[in-house]
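What follows is a set of notes on a single structure, which appears directly below.
The values are calculated or read from the model by the stated rules, or taken from the named source; none is laboratory data. Worth saying up front: this structure is predicted, and the values here are computed from it rather than measured. Cβ atoms come from the backbone with ideal geometry, glycine included; neighbour counts cover every protein chain shown.
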Amino acid sequence: MSASRNGEVIITLGLNLGVPVTPTGVHNGEVFRIDHDGKPIQLTNLFGHLGWAQVSYDGSTVCFGSKTDRNAPVDLMILDLGTNKVSATGLLAKIRSQPGFTGD
Amino acid sequence: MPVLEDFSISPDGRIVAFGFSHGGPRPERGLGLFEWRTGTLTRIPNPLGQILLMPSFSYDGKRLAVVVNPTGSNPIVIGIVDLATLAVTNVIPETSGAPSFPVFQPGSDRVLYCQREFGTGLKLVGISGGHNVTILPPKNGFVYILRPSFVSVDEILFQAAGPADRKIVAELDRSGISIGADVLYRLRFGNRPDFCFRA
């Protein structure tokens, strides 16, 4: 859970409202905005494994971690709350090749 | 294979601070900054013999509150990273228990953090050497509290599980919610935690 200035935007993670769990038992995670009555509004359709969602103080942007399956590494995603567009950042690939992060 | 964790976004949404770790012959763990629109990546150097964790931006975007985890037997403390110089200043020289999830209080020079000590509570500490103020005693707190968010100078929202407060436990029980479930709480300083939303 994360809140922007004065709690105007509250962001949390939860399960997809349509298909929360696959027939094989895999949980489908999504990003949600919680409205002022406490009702969750699903913002994404990623069917992913998500974590660490944080909204910026100005309420414009959400960052979160996502992986394509349980065994994949987490990468950084960005959700623009103005457009509801989700962008992959490629952070994981970038730190793999940067010496200050690899210890090489 | 590197592992990413503990994302925190700057007040204007431009920069993400993150934790990373990887094994291998030369294992590394620490923090980085990523300007996601430009791809600019910056490593925040760990102070000698210490590992930085759990970053959170100040409201002007110029500092990070972090956990400073020693590799030896020294206590875990809260630190402040100046993003102009990447220098780290420790603000709690001695503390019992394990501090976690430090966040700046808006409009002040204080940091709120979770304190685990036979339960998890909340404390405020002044960055410029002020004394600790207990907001929620650990014995009256929760099994765990995740990173809180301020919604005013003296009010926070947080997700937590395992409340010690019997009134909260009874309300969870009446609602059919497991005591171990993550629930969203609101806490105005000086009061008891309450559910963030009520049906």
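Miscellaneous remarks
- Filter result for B:G13 (under 22 Å from B:S149 (Cα atoms), within 13 Å of chain A (Cβ to nearest Cβ) and in contact with a strand residue (DSSP E or B) (Cβ under 6 Å, 6 or more places away or on another chain)): yes
- Condition check for A:D58 on (1) facing another protein chain (nearest Cβ under 10 Å); (2) within 10 Å of the chain's Cα centre (by Cα): one failure, at (2).
- Selection over the stretch A:30-61 of residues that are among the small types (G, A, S) and at pLDDT 95 or above gives a count of 4.
- If the condition is being surrounded by 15 or more Cβ atoms within 10 Å (Cβ to Cβ) and not aromatic (F, W, Y), then the stretch B:183-193 contributes B:V183, B:L184, B:R186, B:L187, B:P193.
- Check on A:L76, within 30 Å of B:R43 (Cα to Cα), touching a residue at least 12 places away in the same chain (Cβ under 8 Å) and in a helix (DSSP H, G or I): no
- For the stretch A:1-48, a residue qualifies if it is away from chain B (no Cβ under 13 Å), under 13 Å from the mean Cα position of the chain (by Cα), under 21 Å from B:E5 (Cβ atoms) and part of a strand (DSSP E or B), and the qualifying residues are A:G29, A:E30, A:G48.
- Reported count of residues in the stretch A:69-83, each being surrounded by 13 or more Cβ atoms within 10 Å (Cβ to Cβ) and farther than 18 Å from B:D6 by Cα, is 2.
- Out of B:G176, B:G97, B:G126, sole residue that is under 26 Å from B:D82 (Cβ atoms) and surrounded by fewer than 19 Cβ atoms within 10 Å (Cβ to Cβ): B:G126
- For the stretch B:163-180, a tally of residues being touching a helix residue (DSSP H, G or I) at 6+ places or on another chain (Cβ under 9 Å) and within 14 Å of chain A (Cβ to nearest Cβ) returns 1.
- When B:I15 is tested against the conditions (1) modelled with pLDDT under 90; (2) in contact with a Leu (Cβ under 9 Å, 6 or more places away or on another chain); (3) not basic (K, R), the lone failure is (1).
- Matching strands (runs of 3 or more DSSP E) fully within the stretch B:1-118 where at least 3 residues are over 15 Å from the mean Cα position of the chain (by Cα): B:15-22, B:28-35, B:40-44, B:87-90
For (1) surrounded by 20 or more Cβ atoms within 10 Å (Cβ to Cβ); (2) within 14 Å of another protein chain (Cβ to nearest Cβ); (3) of a type in the set (V, I, T), each residue gets a yes or a no:
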| site | (1), (2), (3) |
| --- | --- |
| B:F118 | no, no, no |
| B:L122 | yes, no, no |
| B:T134 | no, no, yes |
| B:I145 | yes, yes, yes |
| B:P148 | yes, yes, no |
| B:I156 | yes, yes, yes |
| B:A161 | no, yes, no |
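- Consider the stretch B:23-36 and keep the residues that are surrounded by 15 or more Cβ atoms within 10 Å (Cβ to Cβ) and at the interface with chain A (Cβ under 7 Å from one of its Cβ atoms). The one that is farthest from A:R96 (Cα to Cα) is B:W36.
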